[in-house]
Amino acid sequence: MNMTAKANSRTPIKLGLFLLLCPILLWLFLLVILPQLTMLNISMQERVAPRVYEYSFSNFIEFFKEPLYWNTFLRTAIMSIIATILTLIIAFPISYYIAKMLRGRAKGLLFVLCLIPFWVSELVRTYGWMILLRESGVLSSFLQYIGLVDGPIEFLYTDATIMLGLVYSSMLFMVVPLTSTLDSLDDSYIEAGYDLGGNGFSVFWQIVVPHAKPAIVSGCIVVFMLTLGNYLTPILLGGKSSLWFTEQIFTQFITRFNWQQGSAFGVLLLSISSLIVWLGLKLSRQSFSKVMS
Amino acid sequence: MLNNVEFDLQCNNIIRQFDDFTAVDDVSFAIKKGSFFSILGPSGCGKTTLLRMLAGFDDPTSGEIIIKGKSMTGVAPNKRPVNMVFQHLALFPNMNVAENIAYGLHRQGINKVEIKHKVEQVLARVNLTGSGKKQIAQLSGGQKQRIAIARCLVLNPDVLLLDEPLGALDLKLREHMKVELKKLQQEFETTFIYITHDQSEALVMSDQVAVMNHGKFHQVGDPQELYYQPDDAFVAGFVGDSNKWSAKVIDVLPETLKVKTTTGLILYSNLIVDKPLIIGSEVEIFIRPEAVHISQTTSTTLQDNQLNVKVNNILFDGANSQLLVEERNSNEEIKVKLPQTAQFMHLKKGDWLQISFPADQVKTFPKLKQTS
């Protein structure tokens, strides 16, 4: 291509690029940035008289004044971190087994088996757990049948049940990136680790984990965000005692019709999830762009 | 069983069976302390499987591996006194050069000061002083190669296994590394076992070469032996460049065999003492291009084989130049070495030459059964 042709083609390429980027830019602006900004705006308004609003931080102050709010807030954050760690601990051996131990058909089959539950909607899956765990459910009846317990047991509505549901619904998002990253770890690195005198422990911590680190961090970020923002699982499996922050937001918006307070909660939730993700990246010394690529 | 400590490594009747496929088929050998031993064979001949069994990543179906007089049966790879340089080196990308070398030393529980000292020492010996802080990605191909070897040698193994480590390098660097590897081996006086499909690598570097095919060792010997006295048709064909023909024995004379190729070229070859052949036996014959003498005048001194040929092609490659010539009666094509002397400078296509070679340069072997 000569210089003139190059110069002529420059403008159409730019236009083409712009048109191609249009959908994503629109999507980002209309569905992500605009609502967040609006929410930030609403959260800082206080109703002083019917249909009269003033800018103030009263909604945020209200959050800190009411222990239920910030207790729920902290509880949600801590439970989410625990759920993320549990998911990682459970998903890692599964991913390692699929990626490194299995070959050929068995590998693909097991990977698909991990995916299959996610073809069903989260609501249906959660109801599945309720059928298993409720007082008159499968597990309770079974324990009575084999004579281990005398009366029916309620397994639902405990923190452990919420954790179970959260870990279960996040598993996929940890297994997929881990499996594909571990799959890309050449066996010779592991063999070299053993060959040079390493044992299972040192090979795992010095060779496997450093290689899988970006996937571990990205899996954790996704799982943490999904868990923190999860609504269905804590409500259905935890019931009234779930005390999940999204439930507070729902209550403010829908039940109490207090959009200002709800928006303030939404902004707070976004802030804490950003803060924890940032801390996680700092602690693991990973950059966001590297982790997400 | 012989447990001689003079040998660093002994293999007794190693067999490795995968379902219905035998990758390594009854292989036995012993390697002297401090020697450079190569296993040469085409891809899929079982050499990698054999090496992995020596390293401990795979176990023989039967047979025994003995290193420095100790049986390795049931000994895990991290407990064996052998180290391996992997085909793609497997330097840990998350560690720098010094950390890579120190990895094995840390596992032995050596204190930090001594590790630092040893790392510097080994870096100096591979001519990479001061590279300890470099990341693996910053190194050139040849430097990576040397670090991979240093990472193993710093542990002072009894045997170093090398799995075609030069395969990924370009030609010039490969030539250079061949010499370097040989020097390193002599300097460290460690026993090297090198597997390769490249005969030149094996011949240049090794004290002993084993030629392997279909899971069996065809011949073990020093490079000269393999080149000049191949034991069978596979070795003759695989090591070095040869003219190769299928032929039939048409006469057995007191001193020589008379053989006829499928196209009708008649040649005289030496008798093979240990493998008597009868008239009508199917054989394969090999003649090295450099064993053929060419002349433009008809010579009167009688050689065993004298053929009149026409030049079909001149393949110029400096000192490795060859001629492709065609024999007058059978039209059989023969590769001969073209000496770069003034005498043949003006040779051109279509010229007639006389070529001659003694009967003992014609290697005749019974035809191998096709087993692939």
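From the list A:LEU139, A:LEU148, A:LEU178, the one residue that fits, being in contact with a Phe, Trp or Tyr (Cβ under 7 Å, 6 or more places away or on another chain) and surrounded by fewer than 18 Cβ atoms within 10 Å (Cβ to Cβ), is A:LEU139. Listed by first and then second residue, the pairs with beta-carbon distance under 6 Å, at least 6 apart or on different chains, first residue in the range B:31-42 and touching a residue at least 60 places away in the same chain (Cβ under 8 Å), second assigned to a loop (DSSP other than H, G, I, E, B), are B:GLY34/B:GLU189; B:SER35/B:ASP207; B:PHE36/B:SER206; B:PHE36/B:ASP207; B:SER38/B:SER206; B:PRO42/B:HIS197. Scanning the range B:12-24 for residues that are surrounded by 14 or more Cβ atoms within 10 Å (Cβ to Cβ) and either at pLDDT below 90 or over 19 Å from the mean Cα position of the chain (by Cα) (or both) returns B:ASN12, B:ILE14, B:ILE15, B:ARG16, B:GLN17, B:THR22.
In summary, helices (runs of 4 or more DSSP H) completely within the range A:28-123 and bearing 2 or more residues that are under 30 Å from A:ASN258 (Cβ atoms) and out of contact with any Leu (no Cβ under 6 Å at 6 or more places or on another chain) occur at A:34-43, A:58-65, A:67-96. Filter the range A:219-278 down to the residues that are among the aromatic types (Phe, Trp, Tyr), buried (at least 18 other Cβ atoms within 10 Å of the Cβ) and under 16 Å from A:LEU166 (Cβ atoms), then identify the one that is modelled with the highest pLDDT. If we take residues in the range A:219-278 being among the aromatic types (Phe, Trp, Tyr), buried (at least 18 other Cβ atoms within 10 Å of the Cβ) and under 16 Å from A:LEU166 (Cβ atoms), then A:PHE224 is modelled with the highest pLDDT. Which residue, of A:GLY151, A:GLY193, A:GLY197, is more than 23 Å from A:VAL120 (Cα to Cα), in a loop (DSSP other than H, G, I, E, B) and within 14 Å of another protein chain (Cβ to nearest Cβ)? Just one listed residue meets the conditions, A:GLY197.
B:ARG174 meets each of the listed conditions (1) farther than 16 Å from B:ASN96 by Cβ; (2) assigned to a loop (DSSP other than H, G, I, E, B) apart from (2). Per the conditions (1) part of a helix (DSSP H, G or I); (2) more than 21 Å from the chain's Cα centre (by Cα), the sole criterion not satisfied by A:SER136 is (1).
Selection within the range A:175-197: residues that are in contact with a strand residue (DSSP E or B) (Cβ under 8 Å, 6 or more places away or on another chain) and of a type in the set (Asp, Glu). The member of this set that is nearest to A:PRO93 (Cα to Cα) is A:GLU191. Could you say whether any residue in the range B:31-38 is hydroxyl-bearing (Ser, Thr, Tyr), part of a strand (DSSP E or B), under 28 Å from B:GLU180 (Cβ atoms) and more than 14 Å from every other protein chain (Cβ to nearest Cβ)? Yes; the residues of the range B:31-38 include at least one that is hydroxyl-bearing (Ser, Thr, Tyr), part of a strand (DSSP E or B), under 28 Å from B:GLU180 (Cβ atoms) and more than 14 Å from every other protein chain (Cβ to nearest Cβ). Exactly one condition in (1) surrounded by fewer than 19 Cβ atoms within 10 Å (Cβ to Cβ); (2) more than 30 Å from A:PRO210 (Cα to Cα); (3) among the small types (Gly, Ala, Ser) is false for A:SER184; which is it? Of (1) surrounded by fewer than 19 Cβ atoms within 10 Å (Cβ to Cβ); (2) more than 30 Å from A:PRO210 (Cα to Cα); (3) among the small types (Gly, Ala, Ser), only one is false for A:SER184: (2).
Say whether the condition of being within 30 Å of B:ASP158 (Cβ to Cβ) and among the hydroxyl-bearing types (Ser, Thr, Tyr) is met by at least one residue in the range A:193-210. Within the range A:193-210 (the criterion being within 30 Å of B:ASP158 (Cβ to Cβ) and among the hydroxyl-bearing types (Ser, Thr, Tyr)), the answer is yes, since at least one residue qualifies.
Look at the range B:90-117: where a residue is on the phi > 0 side of the Ramachandran plot and within 14 Å of chain A (Cβ to nearest Cβ) and a partner is surrounded by 14 or more Cβ atoms within 10 Å (Cβ to Cβ) and among the hydroxyl-bearing types (Ser, Thr, Tyr), sitting 6+ places away or on another chain with Cβ atoms under 6 Å, you get B:ALA90/A:SER188; B:ALA90/A:TYR189. Just so you know, in the range B:198-255 the residues that are out of contact with any helix residue (DSSP H, G or I) (no Cβ under 7 Å at 6 or more places or on another chain) and among the basic types (Lys, Arg) include one that is surrounded by the most Cβ atoms within 10 Å (Cβ to Cβ), and it is B:LYS216. When the test is whether a residue is modelled with pLDDT of 90 or more, surrounded by 14 or more Cβ atoms within 10 Å (Cβ to Cβ) and more than 19 Å from A:ILE90 (Cα to Cα), A:LEU110 does not pass it. Residue count for the range B:65-84 under the criterion of being closer than 25 Å to A:ALA212 by Cβ and either more than 8 Å from chain A (Cβ to nearest Cβ) or assigned to a loop (DSSP other than H, G, I, E, B) (or both): the result is 1.
Of all residues in the range A:200-209, those that are within 10 Å of chain B (Cβ to nearest Cβ) and either of a type in the set (Val, Ile, Thr) or closer than 26 Å to A:MET292 by Cα (or both) total 4.
For the range B:53-64, the candidate set comprises residues that are under 20 Å from B:ASP26 (Cβ atoms) and assigned to a loop (DSSP other than H, G, I, E, B); within that set, the residue that is farthest from the other protein chains (Cβ to nearest Cβ) is B:THR61. The strands (runs of 3 or more DSSP E) falling completely within the range B:208-271 that include 2 or more residues that are free of Cβ contacts under 8 Å to residues at least 60 places away in the same chain and closer than 22 Å to B:ALA23 by Cα map to B:216-221.
Scanning the range A:39-79 for residues that are among the hydroxyl-bearing types (Ser, Thr, Tyr) and surrounded by 15 or more Cβ atoms within 10 Å (Cβ to Cβ) turns up A:SER43, A:SER58, A:TYR69, A:THR72, A:THR76.
The set of residues in the range B:153-201 that are within 14 Å of chain A (Cβ to nearest Cβ) and within 23 Å of B:GLU6 (Cβ to Cβ) comprises B:LEU153, B:LEU155, B:ASN156, B:PRO157, B:ASP158, B:VAL159, B:LEU160, B:LEU161, B:LEU162, B:ILE193.
Only one of these conditions is not met by A:SER241: (1) more than 14 Å from chain B (Cβ to nearest Cβ); (2) under 21 Å from the mean Cα position of the chain (by Cα). Which number is it? A:SER241 satisfies all of (1) more than 14 Å from chain B (Cβ to nearest Cβ); (2) under 21 Å from the mean Cα position of the chain (by Cα) except (2). When the range B:120-149 is filtered for residues that are surrounded by fewer than 22 Cβ atoms within 10 Å (Cβ to Cβ), within 15 Å of B:PHE92 (Cβ to Cβ) and of a type in the set (A, V, I, L, M, F, W, C), the ones remaining, listed by number, are B:ILE136, B:ALA137, B:LEU139.
The values are calculated or read from the model by the stated rules, or taken from the named source; none is laboratory data. These numbers come from a predicted model, not from an experiment. Every residue, glycine as well, gets a Cβ built from its backbone with ideal geometry; the counts of neighbours run over all protein chains shown.
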